[in-house]
Amino acid sequence: MPVYSAEAVVLRKVDYGEADRILTIFTRERGKLPAIAKAVRRAKSRMSGQLDVFSHGHMLLAEGKRMDVVTQFQRITRGGGLAADLPRAAAAAVVVEVADKVLEERHPQPELFEMIVGAIGHLNDPEINPRMELSDFLMRVLVELGYAPALGECARCGKLLSSDEQSKNASGTEQSKNPSGTAATGLGFSPLAGGVICVDCNLAESPSPAISTRAVKILRVCAAGDRDLFFRLRLDEDDLAALEGALEAQLEHHLDRQLKSIDFARKVRRPA
Ligand SMILES: [Zn+2]
């Protein structure tokens with residue numbers, strides 16, 4: 001069996017037989033693939049305790065008929081910070097579930113590899129806010145997949161969104177009501193339309209969930225990709241909830257499914 005080396009991160013694991021483990025790994029060189037780690041659950045295995053979800057390191061693999069076999073593993077990123085902190089582990093679980101859903105098998109995607117390994121590494125760092133890290137990761141993935149939300153112009157009519165958009169209604173100068181009879185509050189966010197909906201469009205049809213101009217500005221900073229600037233923002237609970245709500249809705253719409261890990265991460269989130 002030809003042997004090859006790869007830098008890999010473990011996305012999923014299933015214990016198999018008496019001591020084996022079947023892994024879904026994402027390698028920098030060959031993309032996502034299934035691999036088996038034999039006897040890894042025996043205490044005397046050199047890889048014992050090493051090959052778990054989020055493990056990132058150098059692997060030696062032997063090409064197999066049905067599945068490649070992991071023969072050696074040397075850790076690069078230590079996962080200790082995740083094991084001790086449920087909200088961080090829950091955020092990392094979203095990263096690997098999103099990765100598993102968006103990656104095609106045996107299709108190398110080095111940009112996504114960097115993003116995933118980077119996010120898991122950052123989530124391990126107690127200095128980094130896990131909610132901002134996950135939001136940053138989700139935005140990067142949406143941009144990479146071509147699903148970035150429209151934030152500068154209305155996702156329906158294409159009109160540029162000005163900063164006074166929202167005050168138009170709040171000031172009471174426009175008394176328009178949407179068909180359901182409730183006063184619209186301003187901008188909306190619609191994953192179906194592809195992003196932010198201007199005040200006029202949001203009045204015209206059944207309104208999308210409201211989004212504040214402040215939340216739109218935060219999303220813009222996040223989308224711009226200047227990590228230092230984004231992490232310097234001081235976000236309160238409302239800000240974080242708005243950011244997460246928009247990004248998660250956008251991602252789930254494009255993946256066409258709800259992610260179990262996102263549901264769990266929401267339940268264990270630490271308030272700002
Ligand atoms: Zn519009």
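The values are calculated or read from the model by the stated rules, or taken from the named source; none is laboratory data. The shown structure was predicted, so the numbers you read here are calculated from the model rather than taken from an experiment. Cβ sites come from the backbone with ideal geometry, for glycine too, and all protein chains shown count toward neighbours.
Specify which of the listed residues (V216, V199) is surrounded by 16 or more Cβ atoms within 10 Å (Cβ to Cβ), within 16 Å of the ligand (Cβ to nearest atom) and at pLDDT 95 or above.
On the way: V199 fails: at pLDDT 95 or above.
Step by step, each of V216, V199 is checked, and only V216 is surrounded by 16 or more Cβ atoms within 10 Å (Cβ to Cβ), within 16 Å of the ligand (Cβ to nearest atom) and at pLDDT 95 or above.
Taken over the range 46-77, the criterion of being under 13 Å from F26 (Cβ atoms) and of a type in the set (S, T, Y) is satisfied by S55 alone.
Taking the criterion of being within 21 Å of the chain's Cα centre (by Cα), among the polar types (S, T, N, Q) and surrounded by fewer than 18 Cβ atoms within 10 Å (Cβ to Cβ), would at least one residue in the range 50-57 satisfy it? No, the range 50-57 contains no residue that is within 21 Å of the chain's Cα centre (by Cα), among the polar types (S, T, N, Q) and surrounded by fewer than 18 Cβ atoms within 10 Å (Cβ to Cβ). Criterion applied to A83, A90 was being more than 30 Å from H253 (Cβ to Cβ) and touching a helix residue (DSSP H, G or I) at 6+ places or on another chain (Cβ under 9 Å), and the one residue passing it is A83.
This table checks each residue for (1) of a type in the set (A, V, I, L, M); (2) out of contact with any Ser or Thr (no Cβ under 8 Å at 6 or more places or on another chain).
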residue	(1), (2)
F231	no, yes
D236	no, yes
L240	yes, no
E244	no, no
L247	yes, no
L251	yes, yes
H254	no, yes
K260	no, yes
D263	no, yes
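Checking each residue in the range 137-172 for being within 16 Å of the ligand (Cβ to nearest atom), modelled with pLDDT of 90 or more and not in a loop (DSSP other than H, G, I, E, B) picks out A150, E153, L160. Exactly one residue among A246, A223 is modelled with pLDDT of 95 or more and in contact with a Phe, Trp or Tyr (Cβ under 9 Å, 6 or more places away or on another chain), and that residue is A246.
Quick one: would you say K13 is outside the structural domain of A249 (by TED's automatic domain parsing) and touching a Ser or Thr at 6+ places or on another chain (Cβ under 9 Å)?
Numbers: outside the structural domain of A249 (by TED's automatic domain parsing): yes; touching a Ser or Thr at 6+ places or on another chain (Cβ under 9 Å): yes.
Yes; evaluated as a whole, the condition is true for this residue.
If a residue must be basic (K, R) and touching a residue at least 40 places away in the same chain (Cβ under 8 Å), how many such residues does the range 21-58 contain? Quick ask: steps written out before the conclusion?
The first filter runs over the range 21-58 and keeps only residues basic (K, R), leaving 21, 28, 30, 32, 38, 41-42, 44, 46.
Filter once more, keeping what is touching a residue at least 40 places away in the same chain (Cβ under 8 Å): 28, 30, 32.
Residues in the range 21-58 being basic (K, R) and touching a residue at least 40 places away in the same chain (Cβ under 8 Å): 3 in total.
As for the range 84-107, it holds at least one residue that is modelled with pLDDT of 95 or more, of a type in the set (G, A, S) and touching a Ser or Thr at 6+ places or on another chain (Cβ under 6 Å).
Quick grid of which residues meet (1) closer than 28 Å to P126 by Cβ; (2) buried (at least 20 other Cβ atoms within 10 Å of the Cβ); (3) among the acidic types (D, E); (4) not assigned by TED's automatic domain parsing to the domain that holds L251:
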position	(1), (2), (3), (4)
G17	no, no, no, yes
L33	no, no, no, yes
S48	yes, no, no, yes
M59	yes, yes, no, yes
G64	no, no, no, yes
D68	no, yes, yes, yes
T71	no, no, no, yes
R106	no, no, no, yes
L112	yes, yes, no, yes
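Within the bounds of the range 88-103, is there any residue that is outside any helix (DSSP H, G or I) and of a type in the set (D, E)? Working first, answer last.
Of the range 88-103, the ones outside any helix (DSSP H, G or I) are 103.
With of a type in the set (D, E) added as a condition, the list becomes none.
No.
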